[in-house]
Each structure stands twice: as structure tokens, then as C-alpha cells.
Amino acid sequence: MKSPLLSLPGAVPAEGRDEGVAAHYGDLFREQRALADGNGFVDLSHRGVVTVTGGDRLTWLHLLITQHVSDLAPHQATEALILSANGHIEHAMYLVDDGTTVWMHVEPDTQDDLIAYLESMKFFYRVEVADRTADIALVHLPAGSIAEVPDGVAVRETPQGRDLFLPRQELEAYAAAHGPAAGILAYEALRVEGHRPRVGFETDHRTIPHELGWIGTAVHLQKGCYRGQETVARVHNLGKPPRRLVFLHLDGSEVHLPGHGTPVRLAADGQEGRQLGFITTSARHHELGPIALALVKRNVAVDAELLAGDTAAAQETVVEP
């Protein structure tokens, strides 16, 4: 999905997983400050949108996902994961039920795989799953925003702000009335600052929820009956996930940010040392400077000075070892 807002003045297209929306509109730090102050919006119209309707929608989803949603109250936001049989993360779903429909947004271009899995699990339940990406555009309003929400639009409200499931044909008019627009790089910088993981960035083929701090927020430990539950319970009881998410303050004198997959090593060992993890997301923050999230081995000391490629990095604990 290519956003019509790429025609706005100063828009620079994003690349990679976020292709289709603007990376920024000419001033990354101004856009970040606007969001931090509760102003403007972020065009997330490249993300997949899926709905589930039918009388059994919540009890059925409850059996498939990691979150407790059988009695989810209308308009209460939550998030959930779908795991493999071995407990590895496959999908992250950001949900809200409006009383008749469960609305969720997922990573760009992943909705087909998600829907295929959901359809295979329908059996006799009274549910209908639909891909709404073509007609619904996701728009994010930051926390503190006083922007109006059009009548009939589903809203997912969290401490980080509000996600609007806006009819796609209304996107340009909404942007004109509720600017300034902020690009995905500003949104990502605030996500990294908030230590919030993202599938495809903080995850690889063997990531389990415990490594990213998703226990409690996206995984409910007092429910069962979902694929991968055995791994979740075993690791929770043992308390020893193999890796852990850390937040890094990067050396601000470096011109280039370390990209996704950049090796992380102990600073004392230098660039020839053993790799202990990798950078998952890096960003330039309007106050903190260059920052990153990284996934490192559990036994890396929490006060160890690190190297991200050739960039010095001081760590903050996100997930306790």
C-alpha cells in the first residue's frame, strides 16, 4: 500500500519493512518533538488491518492467542501474540473490540499469513475473518492529542496514544485537518525510547516472548489452550530465557547508526571479541541522541560496556537476566 500522503511537501519515502509511507517530512527532530508534545499524527497506513466478527469472536480468539480476551470489554485495547508450536513468535496483534468487531493491526504484508492461520482454525465457531487493509488506513495520534475522531471510526487507545482505523478514502482529508504529519522514523525513535519490541525487528526465527518483555503485556500467564503455551510455561517457571532485550545509548560522535543485525560485543574485547548479540533497531532521538535496542545473551553483565559494531554503547536493562 502506497500512501497518498507521500505527496505532502518534504515527504521522503521510507524503505524496507516500512515502505509505502514517509520516513520523514523534512525535519526528523521537529516531528519527534511534535509527537512528544501531543501534536500531529503518524501515517501507518502501510500496516495490515484484520477484523473478526461473529458471536464467538472473543471466545474463539482466546483459544488461539497468548492474551486473555474471552471477556475483553468493548473499547479496551490489548495486544497479543501468535506463537509457533515451539513457542517462537510469529505474529504480534494490536487489538480492540468495539462491541461487534475485533479490530487489529499487524506488521505490513503479514496479514495474509495471519488470516490463513486464523481461517484454518475456524472449525465450527461463528466467526468471520476479513482483510480490511485495502479500505482501512491506520493513523496514530500521540498521547495528549486533542484531535477529533470521526464518528464510526474504531479507536485503540493506549498510554502511547490512539490508533485510528480510518476509512482509507478519508486519509488525505484527515491529514489536512490534523497536521503536522510525522514520519515513521519519528515514531520509531519514540518506540525505541519506550523499549517497545516489534516483530521482524526485535525478533528472529527463534525469539520467545520472555526475551522481549512481552510477558504480562502480550502474554497472559493464567490461561492456556494456545499453540506454544508449553514453552511459555516452562521458561517462565525456570526463569532463564536464553537472551534478553537491552536499551543502548550509542556514542554520539559516530556519523552512522549501526543497522539491524550489527554484532554486539564486549567493549573490553574489541571488535575481535565473541559476538554476544545484535542490534535490532537503532534511531536518532531528539533528546537522547543515538539510541538502539539490542538482543544479547542472558548472561551478559547488566553493567558491561558494549560495542555495537565499532560504536561504543552503554546499556540499560529492559529484561532482567
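Bear in mind these aren't lab numbers, they're just calculated from the coordinates by the rules spelled out. Since we're looking at a predicted model, the values are computed, not measured. Every residue, glycine as well, gets a Cβ built from its backbone with ideal geometry; the counts of neighbours run over all protein chains shown.
Quick notes
- Checking each residue in the stretch 118-134 for being outside any loop (DSSP other than H, G, I, E, B) and either aliphatic (A, V, I, L, M) or out of contact with any strand residue (DSSP E or B) (no Cβ under 7 Å at 6 or more places or on another chain) (or both) picks out L118, S120, V129, A130.
- A single entry from L83, L72, L63, L95 fulfils the requirement of being surrounded by fewer than 21 Cβ atoms within 10 Å (Cβ to Cβ), among the hydrophobic types (A, V, I, L, M, F, W, C) and touching a residue at least 40 places away in the same chain (Cβ under 8 Å): L63.
- Scanning the stretch 108-153 for residues that are hydroxyl-bearing (S, T, Y) and closer than 17 Å to Y94 by Cα gives T110, Y117, T133.
- Selection within the stretch 1-42 - exposed (fewer than 15 other Cβ atoms within 10 Å of the Cβ) and hydroxyl-bearing (S, T, Y): S7
- Residues of the stretch 174-214 that turn out to be of a type in the set (F, W, Y) and either within 15 Å of I279 (Cα to Cα) or surrounded by fewer than 18 Cβ atoms within 10 Å (Cβ to Cβ) (or both), as a count: 1
- Enumeration of residues in the stretch 267-321 that are under 15 Å from P197 (Cβ atoms) and not in a strand (DSSP E or B): V318, V319
- The set of residues from the stretch 151-173 being over 23 Å from the mean Cα position of the chain (by Cα), surrounded by 13 or more Cβ atoms within 10 Å (Cβ to Cβ) and without any contact (Cβ under 8 Å) to a residue 40 or more places away in the chain comprises just one member, E170.
- Every residue from the stretch 62-91 that is closer than 15 Å to T203 by Cβ, small (G, A, S) and either part of a loop (DSSP other than H, G, I, E, B) or in contact with a Phe, Trp or Tyr (Cβ under 8 Å, 6 or more places away or on another chain) (or both): S84, G87
- Residue match in the stretch 99-109 (condition: aliphatic (A, V, I, L, M) and in a loop (DSSP other than H, G, I, E, B)): no
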